[in-house]
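**Q** Pasting in a structure now, in structure tokens, and then I'll have a few things to ask.
Here, each number is a calculation from the coordinates, and none is a lab measurement. Worth saying up front: this structure is predicted, and the values here are computed from it rather than measured. Positions of Cβ are backbone-derived with ideal geometry, glycine not excepted, and every protein chain shown enters the neighbour counts.
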Amino acid sequence: MPASEAGTGQAGPLREHVAQFLDSRRRENVSGNTLRAYAADLRQFLDYAGRAGGNFDLLLLRGWLADLYEQKLSPVSLRRKLAALRSFLKYLVREGVIPANTARLLATPKAPRKLPRVMTAEQANSLLDAIPTRQERPQLARDIALLELLYGSGVRVSELVGLNLEDIDFAEHWLRVSGKGRKQRQVPFPSKAAAALERYLQQRKPLPGEKAVFLNHRGSRLSDRSVRSIAKHYATLLAGDSSIHPHSFRHAYATHLLSDGADLRSIQELLGHARLSTTQQYTKVSLEDLMRVYDKSHPKA
């Protein structure tokens, strides 16, 4: 659809651009979960636009947002759908399909600030130390290595499954990871994770030419969904907590670094956060922990 048609903005011709948009985000190393959410949210928006008809303008977008409010979606869901639409329209502007990203004019719904629930250092280490006892697991060495690396380096699950063999420097204990927007950074990993990785790599059985570090039972790259399933399995079995997921180890990594004196700028760089404000959420978690200790221990609390 040429830019001259942007005033009419029919939803139908835009559908063919969704797959191209998703392919472009996939090339930017966006996670599989995010891509699935984009696809569902954009399909829902274009269905609404098809029913509403009219011009593809701010009035249509406000009607769509009002329709979402009437469905009583949570502010978090509303923000996610709006972010997906903004990202898609930004892509369409860049491709010359539409002249302007009118979704930028929509007010972002406010969401309550929820602090992440964080394992204590004792809880994280107890869970990891108990995993080697599960001898019945067919790929125990792999599971230990990936969970030790999640907690020991604080990488995202998408960064973990994206690791290739050449990304590991065993001599200096560094990982080269590709984060959001395909931005690369160097992340250190501890000796315990290094030992677990070396044990696993001795047993690793890849398909011909497969460079991924972590493999599934077929010998190809492990998916982020599989890592979530692995983390949930051990957390449920050994800690009785099915809410623990791969990102829980990232939260624990950052919070424990901060509690032990690491500065925010260093943690921001290690986590690959674009904005310091994202990293600052961990100061609130640490302050809450401090207040709990104070309330429990001080005689006048």
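**Q** With N set to the residue count of region 56-104, report its C-alpha Rg divided by 2.2 N^0.38 Å to two decimal places. Don't jump to the answer; show the numbers that get you there.
**A** Numbers: Rg = 11.5 Å, N = 49, 2.2 N^0.38 = 9.7 Å.
Relative to the 2.2 N^0.38 Å estimate, region 56-104 comes out at 1.19.
**Q** So which aspartates and glutamates pass the test for Lys232, namely a Cα distance under 12 Å, with those fewer than 8 places away in the same chain ruled out?
**A** The reachable aspartates and glutamates, counting only those whose Cα sits under 12 Å from Lys232, are Asp143, Asp241.
**Q** Separate question: How many Å³ per residue does the convex hull of the Cα positions in region 93-162 occupy? Kindly include the intermediate steps, with their values, before the conclusion.
**A** On the way: hull volume 12.6 nm³, N = 70.
Here the figure is 180 Å³ per residue.
**Q** If you don't mind, there's one more thing I want to ask. If you stretched the chain out fully between Lys110 and Gln71, how much longer would it get, using 0.36 nm times the residue separation minus the C-alpha to C-alpha distance?
**A** Taking 0.36 nm per residue and subtracting the Cα distance, the gain is 12.4 nm.
**Q** Follow-up. Per DSSP H run of at least 4 residues, take -39500 (n - 2.57); add these up for the chain, divide by its residues and hand me the 222 nm value, nearest 500 deg cm²/dmol.
**A** Numbers: 13 runs with 172 residues, N = 301.
Rounded to the nearest 500, it is -18000 deg cm²/dmol.
**Q** Can I ask one more? Between region 132-146 and region 160-181, what is the separation of their alpha carbon centroids in Å?
**A** The distance from the Cα centre of region 132-146 to that of region 160-181 comes to 21 Å.
**Q** Could you tell me how many degrees, from 0 to 90 and to the nearest 10, lie between the Cα long axis of helix 58-70 and the main elongation axis, the longest principal axis, of the Cα atoms of the chain?
**A** In the chain, helix 58-70 runs at an angle near 50 degrees to the longest axis.
**Q** For Asp169 paired with Glu210, estimate the spin-label separation in nm (one decimal), with each label point 7 Å from Cα along the Cα-to-Cβ line.
**A** So the label points at Asp169 and Glu210 sit 2.8 nm apart.
**Q** Right, next: What are the ³J(HN,Hα) values, in whole Hz, obtained from phi via the Karplus relation 6.51 cos²θ - 1.76 cosθ + 1.60 with θ = phi - 60°, for each residue of region 136-149 in sequence order, with x given for Gly and Pro?
**A** Rounded to whole hertz, the list is 6, 6, x, 10, 4, 4, 5, 4, 4, 4, 6, 6, 4, 6.
**Q** Using Cα pairs closer than 8 Å and at least 6 residues apart in sequence, work out the relative contact order for region 161-208, in percent. Kindly include the intermediate steps, with their values, before the conclusion.
**A** Details: 36 pairs, mean separation 11.6, N = 48.
Normalised by residue count, the contact order of region 161-208 is 24 percent.
**Q** Quick one: Cα centre-to-centre distance for region 186-261 and region 30-93, in angstrom?
**A** Using only Cα atoms to place each centre, the spacing works out to 34 Å.
**Q** Between their Cα atoms, which of Lys110/Lys192; Lys110/Lys211; Lys81/Lys183 are more than 32 Å away from each other?
**A** Details: Lys110/Lys192 42 Å; Lys110/Lys211 43 Å; Lys81/Lys183 24 Å.
Correct reply: Lys110/Lys192; Lys110/Lys211.
**Q** Can you work out D for region 3-105 in µm² s⁻¹ from Stokes-Einstein, where Rh is the Kirkwood radius over C-alpha pairs, the temperature is 25 °C and the viscosity is 0.890 mPa s? Let's see the in-between values first.
**A** Details: Rh = 13.9 Å.
Roughly 177 µm²/s, to the nearest whole number.
**Q** Between 0 and 90 degrees, rounded to the nearest ten: what's the tilt of helix 121-130 against the longest Cα principal axis of the chain?
**A** 70
**Q** Compute the distance in nm between two label points, each set 7 Å from the Cα along the Cα-to-Cβ direction, one at Arg225 and one at Lys183.
**A** Here the modelled spin labels are 2.9 nm apart.
**Q** Which length gain, in nm to one decimal place, applies between Glu269 and Thr236 when the Cα-Cα distance is subtracted from 0.36 nm times their residue separation? Walk me through the numbers on the way to the answer.
**A** Details: separation 33, 0.36 × 33 = 11.88 nm, distance 3.15 nm.
The span from Glu269 to Thr236 would gain 8.7 nm if fully extended.
**Q** Taking region 121-297 on its own, what percent of its Cα-Cα pair distances exceed 26 Å?
**A** Numbers: 4693 of 15576 pairs.
Of all Cα-Cα pairs in region 121-297, 30 percent lie more than 26 Å apart.
**Q** Another question about this same structure. Tell me the relative contact order for region 121-297 as a rounded percent, counting alpha carbon contacts under 8 Å between residues six or more apart.
**A** 22
**Q** Just want to confirm a number: the relative contact order over region 172-275, from Cα pairs under 8 angstrom separated by 6+ residues, in percent. Before the final figure, lay out each step's value.
**A** Details: 76 pairs, mean separation 15.9, N = 104.
15 percent.
**Q** Could you tell me the ratio Rg/Rh of the chain? Both radii from Cα atoms, Rh via Kirkwood. Working shown, then result.
**A** Numbers: Rg = 22.5 Å, Rh = 21.9 Å.
Rg/Rh for the chain comes to 1.03.
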